[in-house]
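S.K.: The structure is given below, and queries will be raised subsequently.
The values are calculated or read from the model by the stated rules, or taken from the named source; none is laboratory data. Everything numeric in this text was worked out from a predicted model, so none of it was measured. Cβ coordinates were reconstructed from backbone atoms using ideal geometry, including for glycine residues, and neighbour counts include every protein chain displayed. The accessibility values were calculated without ligands, DNA or RNA, using every heavy atom of the protein model including side chains. Shrake-Rupley method; radii C 1.70, N 1.55, O 1.52, S 1.80 Å.
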Amino acid sequence: MKCIIIYESIHHNNTEKVAKVIADEIGAELVNVRDFNKNYENLDEYDLVGVGSGIYYGKIHKNIKNFIDTTEHMDNQKSFIFTTSGRTKSSFNEKFKDFFKFQRI
């Protein structure tokens, strides 16, 4: 299976770090969306397409949105998207503390 992950990572490069780990695990080619637009014509040769973005003001990066909106995909391709977002540990824990409670059986 031929795989590619296209990503955009701006602030702390966390999305790039996650994309690299995923690419290593599944043997995927890793490409920044800006390089994809310059150096690739289409996605026809790939069986699996992953797309990653950080979240900026509640939205995916404009380069990734444009990529998704303007790139044609084959009907039989598999795809996935992942996002990263920065948030302080204390604000995350406070907001989701009840959501992540585990029940002991």
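S.K.: Tell me, please, whether a residue that is part of a strand (DSSP E or B), farther than 15 Å from Lys78 by Cβ and within 15 Å of the chain's Cα centre (by Cα) can be found in segment 14-22.
M.R.: No, because not a single residue in segment 14-22 is part of a strand (DSSP E or B), farther than 15 Å from Lys78 by Cβ and within 15 Å of the chain's Cα centre (by Cα).
S.K.: Further question on the same structure: Go through segment 1-27 residue by residue and tally those that are farther than 17 Å from Thr84 by Cα and open to solvent by 20 Å² or more (accessible area, probe 1.4 Å).
M.R.: Qualifying residue count for the region: 6.
S.K.: If we keep just the residues of segment 59-105 that are assigned to a loop (DSSP other than H, G, I, E, B) and of a type in the set (A, V, I, L, M), which is modelled with the lowest pLDDT?
M.R.: Start the filter on segment 59-105 by keeping residues that are assigned to a loop (DSSP other than H, G, I, E, B), which leaves 61, 71-77, 85-88, 97-105.
Restricting the remaining residues to those that are of a type in the set (A, V, I, L, M) gives 74, 105.
Details: Met74: 69, Ile105: 41.
Filtering segment 59-105 for residues that are assigned to a loop (DSSP other than H, G, I, E, B) and of a type in the set (A, V, I, L, M), the one modelled with the lowest pLDDT comes out as Ile105.
S.K.: Right, another one. Against the condition open to solvent by 70 Å² or more (accessible area, probe 1.4 Å), outside any strand (DSSP E or B), of a type in the set (D, E, K, R) and modelled with pLDDT under 90, how does Glu41 come out, does it pass?
M.R.: Yes: the conditions hold for Glu41.
S.K.: Another question about this same structure. Name the one entry in Glu45, Glu16, Glu41, Glu8 that is of a type in the set (Asp, Glu), in contact (Cβ under 8 Å) with a residue 40 or more places away in the chain and out of contact with any helix residue (DSSP H, G or I) (no Cβ under 8 Å at 6 or more places or on another chain).
M.R.: Glu45
S.K.: So which pairs qualify, if the first residue must be in segment 49-62 and within 12 Å of Phe80 (Cβ to Cβ), the second must be of a type in the set (A, V, I, L, M, F, W, C) and open to solvent by less than 10 Å² (accessible area, probe 1.4 Å), the Cβ gap must be under 6 Å, and the two must be at least 6 apart or on different chains?
M.R.: Val49/Ile4; Val49/Leu43; Gly50/Ile5; Val51/Ile6; Gly52/Ala19
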